[in-house]
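Readers should treat all values here as calculations from the given coordinates under stated rules, not as data from a laboratory. A quick note: this is a predicted structure, and the numbers were derived from the prediction, not measured. Positions of Cβ are generated from backbone atoms using ideal geometry, with glycine treated the same way; all protein chains shown enter the neighbour counts.
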Amino acid sequence: MLAQWRLAWLLARRFRRGRERSRFLSFISASSTFGIALGCMVFIVGLSVMNGFGQVLEERFLKLVPHVEFRAVEGALQYPEMILDLAHQHPEVKAARASIKTQALVQQGREFIGVQVNGIDPRQSQAIADYMSTTAWQQLASDNTVVLGRGLATQLGVDKGDSVRLVVAAERGFQAPKRVSLKVVGIFRFGGQVDHQMAYVNLATARNLIGLDDGYTGIELEVTDLFAAERIANEIGYQLRDYVYLDHWMRAQGHLYRDIQMVRMVMFLVLVLVLAVACFNIVSTLVMTVQEKRRHIGILRTMGLRRGGLVKVFMLQGLQNGAVGVVLGALAGVALSLGLPSFLQLLEAMSGSSILASDVYFVDSIPVLIQLSDVVLVAAVAFLMSLVATLYPAWQASRVEVVAAISA
C-alpha cells in the first residue's frame with residue numbers, strides 16, 4: 001500500500017514539473033497556488049486583528065467598565081451594605097466597590113464639554129490607577145480634586161495644577177445647576193473614548209457635586225467570568241431590598257463584542273469564497289493536465305497502473321499546489337500579523353494622521369493577537385478545499401480510454 005502511494009507521489013511530481021508543460025498551464029497552476037496563499041494570509045491577518053480587538057475589549061477596556069452594576073433609582077442606595085455582603089459571598093465575584101456617577105459639563109472659559117464624573121474610593125484597588133501617576137492617585141484622596149483624561153485635558157487646554165469648573169444639573173425640581181471648582185491633580189492616559197469622556201473624583205467630592213449627604217448611588221462588581229455577568233447580576237439582584245437599576249457590561253458594551261464576532265463570521269465566509277476561486281484554478285489545471293497527458297496516461301495504464309492509482313496521482317498533484325499555497329500563506333500571514341502594528345505606526349508617522357480616531361474608537365491603535373488554533377483552522381480549511389477540488393479531474397483521468405489515448 002505504501003509503495004502505491006510512493007509511486008503515485010513520484011508520478012504526481014513528474015507531471016507537475018514536466019518540462020513539456022505549456023506556459024499557460026504553468027501560469028494557471030502558479031495562480032492557483034498564489035490564490036490559496038493569498039487567501040490564507042489575509043484570513044490569518046484578519047483573525048489576528050479580531051483576536052487583538054477581543055483581547056483589548058476583555059483585558060483592558062472592560063477593566064474600567066463595571067461587569068455588573070446596581071444603581072439607585074433615585075438618590076442613594078438605602079441598603080448598600082447588603083449588596084456588598086451578597087456580592088462578597090458570591091463565589092464568582094472577584095471584587096465589589098461603591099461608586100457615585102453623574103453627568104456634568106466642564107466649563108473652561110466660554111466652552112462647555114460633556115463629561116462623565118466617576119466618584120471612586122482611592123483607598124480601594126481601582127483599574128484606572130494603573131493609567132495615572134502615583135502622585136495623582138494619592139492626591140485624588142483630597143477633596144475638590146479631579147483627574148482628567150488626556151484627550152479631555154487637551155481639548156480644554158488645562159494641565160496639572162490648573163482648575164476647572166464643573167456644572168451639574170440639580171437632581172430635583174427646577175433649581176439652578178450647581179457649579180463646583182475642582183483642582184486638576186493629574187492626567188490619565190488610557191486610550192480611546194475614555195480619555196475624552198471620563199473624569200475621576202473621590203467619593204466625598206462626588207457627593208458634594210450631586211448634593212448627597214451620605215451613601216452611594218451604585219455598587220460595581222468585578223466577576224471571574226465575563227460571559228456570566230448577566231446571570232450573576234440576576235442572582236444577586238433578586239435578593240435585594242433596594243429598588244435598583246440592574247445593569248451589566250453585555251447590555252452597555254455588548255455591541256462591541258457582537259460586532260467583533262460578526263466580523264469574524266463574515267471574514268470566514270470571505271475566506272471560503274477566495275479559496276473557492278483559487279481551487280477552481282486547481283480544477284482547471286488538472287483538467288488541462290489530463291488532456292495534455294492523455295498519451296502518458298494510456299502508457300501508464302498499459303504498464304499496469306490501475307484506475308485507482310491514476311486517481312491518486314492526480315489528487316496528489318492538485319494537493320501539491322494546495323499544500324504549497326497553504327504553507328506559504330500561513331507563514332506570510334503570521335509574519336504580516338507580527339509586523340502589522342509597526343508598519344501601521346510607521347504609516348501614521350509618515351501621513352501625520354491616525355488610522356483609528358481616539359475620540360471615536362475605544363482603542364487608538366490596531367491590536368494583533370496570533371492564535372495557533374486560528375492558523376491551524378485556516379490551513380485545514382484551505383487544504384480540505386484543495387482536496388475536494390482534485391476529485392473531479394482525478395476521476396476524469398481514471399476514465400480515459402487506453403486505446404484512444406495511445407493512438408492519439
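Annotations for the structure displayed:
- Model label sites at R110 and Q396, defined 7 Å from Cα along the beta-carbon direction, differ in position by 7.7 nm.
- Peptides 154-161, 273-280 ranked from most to least packed by the mean count of surrounding Cβ atoms within 10 Å: 273-280, 154-161.
- Förster radius 35 Å - calculated FRET efficiency between A176 and M82, Cβ distance, rounded to 0.05: 0.50
- Computed FRET value (nearest 0.05) for Q138 with M350, which takes r as the C-beta separation and R₀ as 41 Å: 0.50
- Backbone phi angles across region 36-44, fed through the Karplus curve with coefficients 6.51, -1.76 and 1.60 (θ = phi - 60°), yield HN-Hα couplings of 5, 4, 5, x, 5, 4, 5, 5, 5 Hz in residue order; Gly and Pro are listed as x.
- Distance (nanometres) between label positions extended 7 Å along Cα→Cβ at K160 and V73: 4.5 nm
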